[in-house]
Amino acid sequence: MDERQQEFRVGIMVVVAMAAAVVMVFKFGELGNRWKSGTRVDIVLPDATGIYPETPVRMSGIRIGQVQSTDLVAEGRGVVVHVLIESDYTFRNDSSAQITRSLLGDGAIEITPGGKGEAVRNGDRIIGRTATDPTELVARLEQRLSTTLVSFEKTGREWGALANNLNRVLESSGPDGVNTVQRSAMALEQFTRTMKSAEETLTAAGSLIGDPRYQQQLQQTLTALPELLTETRGTLRSVNSVIRQVDSAMGNINTATAPLARHSHAMVTRLDQSLNNIETMTEELAVVAKLVNQNDGTVKKLLTDPSVYRNLNSTAASLALLLDNLKPVVSDLQVFSDKVARHPELLGVRGVVRGSSGIKDSGVVPAAFEDKKR
């Protein structure tokens with residue numbers, strides 16, 4: 001192998017190594033993440049313990065993306081986790097996220113799909129929750145198991161005492177010892193079934209505590225407690241406001257009824273007087289009605305006697321005839337009064353002696369004016 005071929009092979013190895021380094025930088029480094037295609041979503045979490053770049057993002061147990069970076073929210077009120085969702089996967093923007101941790105402390109983000117939102121887009125934010133620390137669950141489970149073991153130990157001692165008592169009973173039973181043994185066997189069988197049920201209950205409790213859905217539901221319940229307390233406080237404030245309004249209304253009613261209470265005696269007295277007056281008036285109307293109903297009474301005759309009606313009708317006809325006869329007299333009186341109004345001097349002695357035509361401005365000179373001319 002000559003020197004030129006060796007240099008050529010070395011150059012090829014260098015080029016291949018550089019290409020491999022570039023590929024690894026783009027595949028595993030942040031620069032490569034920026035060139036990856038997919039949807040970039042922000043997840044807001046109260047705590048990001050165990051979350052680092054390249055932490056997997058899963059949905060229904062399948063890896064759909066990874067964490068790119070994390071940032072603190074203003075004033076340290078949470079953490080924004082920037083994740084890249086691969087282009088082959090998508091979910092709705094009303095989905096939720098939750099941090100899951102293994103017993104070794106490895107973290108991951110689990111997406112719970114929503115059902116009513118739109119497809120997630122670049123820059124969308126979804127709300128996340130932190131999962132309960134498995135070590136805390138194990139500690140609580142250990143405490144419960146310790147309590148259970150203490151109970152079992154106490155139960156064992158009691159069963160030991162029971163066995164001693166049973167032995168004494170069997171030794172002193174005599175011919176009835178067979179029945180006692182049978183009852184003891186039945187009790188032991190019942191105890192065995194009880195212990196088996198207790199074991200199944202503990203197993204179910206352990207599986208329930210380790211179920212992520214139960215943990216999620218418990219976390220949702222704890223998250224909803226502050227809102228429930230806020231609504232309860234608002235309800236209590238509304239109730240207090242209504243009570244104050246009712247108290248004010250009762251005060252207004254007391255203020256309005258106080259004058260009635262002060263004048264109630266006078267009002268009752270006046271009402272009693274009014275009732276007495278009405279009673280007196282009723283008695284008087286009864287007397288009047290009694291007089292009207294008398295057969296020989298004037299009012300009765302006026303209402304029922306036809307001759308009274310005929311006399312009244314005849315009187316009205318006579319008055320009408322009298323009024324017709326008085327019309328010429330009234331006309332003459334009108335003429336006389338008109339003449340007197342035109343020539344008042346006619347009422348004097350000279351007016352009686354000296355006649356007048358009865359026309360206005362007839363040239364008749366009053367006697368007083370004639371005396372002045374003379």
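Laboratory data are not the source of any read-out in this text; all were calculated from the coordinates shown. Everything quoted here is computed from the prediction, not taken from an experiment. All Cβ positions, glycine included, derive from the backbone under ideal geometry; neighbour counts span all protein chains shown.
Structural remarks
- As a proxy for reagent exposure, H82, H343, H265 were ordered by neighbouring Cβ count within 10 angstrom, fewest first; the result is H265, H82, H343.
- Rounded to the nearest 0.05, the FRET efficiency derived from the C-beta distance between R58 and V80 at R0 = 22 Å is 0.70.
- Highest average packing first - 85-92, 284-291, Cβ atoms within 10 Å: 85-92, 284-291
- Cα gyration tensor shape of the stretch 36-131, rounded if a/c is under 1.5, else prolate or oblate by comparing a/b with b/c: rounded
- Other residues lying with their Cβ under 14 Å from the Cβ of I43 contribute a combined charge of -2, Lys and Arg counting +1, Asp and Glu -1.
- Distance between modelled label sites at Y89 and L145, nm, 7 Å Cα→Cβ extension: 3.3
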